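Asks: One structure, pasted below without further comment.
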Amino acid sequence: MNYFAFYDLPEGFLFDGAALKTKYYQLSRELHPDFHAQDTPAAQAEALRLSTLNTDAYRTLADPDARMAYLLNQHGMLEEGSAQNQLPPDFLMEVMDLNEQLMELEMETNADATATLSTEVTALADTLDAGIQPVLAGYPALPPDHRPAALAQVRTYYLKKRYLLRLRQQLATFAARS
């Protein structure tokens, strides 16, 4: 079942987290298996299935990154091994210098260089975030025939963000060493 449909929420990347939490708690109370102990085995199994679905849906939709991946997967935009999941060459060229700096840090840890590189990665991530916000915010209002183009932009953003996350994780490792 589609998680957005399960909560009767419009499909989107940004929405009211309080409304999601309210629906989650409401369904948690209604579906909790303890409240169905006297039901038939089939009804108990269905309550357990729906309770699990409620938990999975909430965990996914409450986390912005998981929600983005889920929505992209729902539209077949993050198929494993797909050529469409490759990073654009211009982005790869942009981060090539960052990767070279990172390789230098692997050879010789330097706290100042690590901090400088971390600042550069953060600035790039902030620029990406600012650029995608209008697409994320406007997605629910788009006509269906315009959504694939928006999803393609979000996919590119998502892949770039994951790439930068890996850089940040490596930087955190170097920072811990120095």
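Asks: Condition first: open to solvent by less than 90 Å² (accessible area, probe 1.4 Å) and in contact (Cβ under 8 Å) with a residue 40 or more places away in the chain. Now tell me which residues in segment 105-114 satisfy that. Step through it out loud before you land on a result.
Replies: Filtering segment 105-114 for residues open to solvent by less than 90 Å² (accessible area, probe 1.4 Å) gives 105, 109-111, 113-114.
Across segment 105-114, the qualifying residues are Leu105, Thr109, Asn110, Ala111, Thr114.
Here is a yes/no grid of residues against (1) outside any helix (DSSP H, G or I); (2) open to solvent by 80 Å² or more (accessible area, probe 1.4 Å); (3) acidic (Asp, Glu); (4) farther than 26 Å from Ala152 by Cα:
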| site | (1), (2), (3), (4) |
| --- | --- |
| Leu87 | yes, no, no, no |
| Asp90 | no, yes, yes, no |
| Met93 | no, yes, no, no |
| Leu98 | no, no, no, no |
| Met103 | no, yes, no, yes |
| Thr116 | no, no, no, yes |
| Thr119 | no, yes, no, yes |
| Leu124 | no, no, no, no |
| Leu128 | no, no, no, no |
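Asks: Answer with yes or no whether Phe35 is at pLDDT below 90 and out of contact with any Asp or Glu (no Cβ under 8 Å at 6 or more places or on another chain). Quick ask: steps written out before the conclusion?
Replies: Values: at pLDDT below 90: yes; out of contact with any Asp or Glu (no Cβ under 8 Å at 6 or more places or on another chain): yes.
Yes; evaluated as a whole, the condition is true for this residue.
Asks: Based on what the data block shows, is Ala152 in contact (Cβ under 8 Å) with a residue 60 or more places away in the chain and within 30 Å of Asp8 (Cα to Cα)? It would help to see each step written out before you state the result.
Replies: Working: in contact (Cβ under 8 Å) with a residue 60 or more places away in the chain: yes; within 30 Å of Asp8 (Cα to Cα): yes.
Judged against the criteria, Ala152 is a match.
Asks: I'd like the residue in segment 1-16 that is open to solvent by less than 40 Å² (accessible area, probe 1.4 Å) and of a type in the set (A, V, I, L, M, F, W, C) and, out of all such residues, is nearest to Tyr157 (Cα to Cα).
Replies: Here the answer is Phe13.
Asks: Cβ-Cβ below 8 Å, separation at least six or inter-chain, first residue in segment 73-102 and closer than 22 Å to Phe13 by Cα, second open to solvent by 80 Å² or more (accessible area, probe 1.4 Å): which pairs?
Replies: So the pair list comes out as Asn85/Glu79.
Asks: Answer with yes or no whether Tyr163 is surrounded by 15 or more Cβ atoms within 10 Å (Cβ to Cβ) and farther than 13 Å from Met68 by Cβ. Spell out how you get there, then give the answer.
Replies: Numbers: surrounded by 15 or more Cβ atoms within 10 Å (Cβ to Cβ): yes; farther than 13 Å from Met68 by Cβ: yes.
Criteria met by Tyr163.
The values are calculated or read from the model by the stated rules, or taken from the named source; none is laboratory data. If you're wondering where the values come from, they're calculated on a predicted model, not measured in any experiment. A quick note on method: Cβ atoms are made from the backbone with ideal geometry, for glycine too, and the neighbour counts reach across all protein chains shown. Accessible surface is based on the protein model in full, side chains and every heavy atom, while ligands, DNA and RNA are left aside. Shrake-Rupley method; radii C 1.70, N 1.55, O 1.52, S 1.80 Å.
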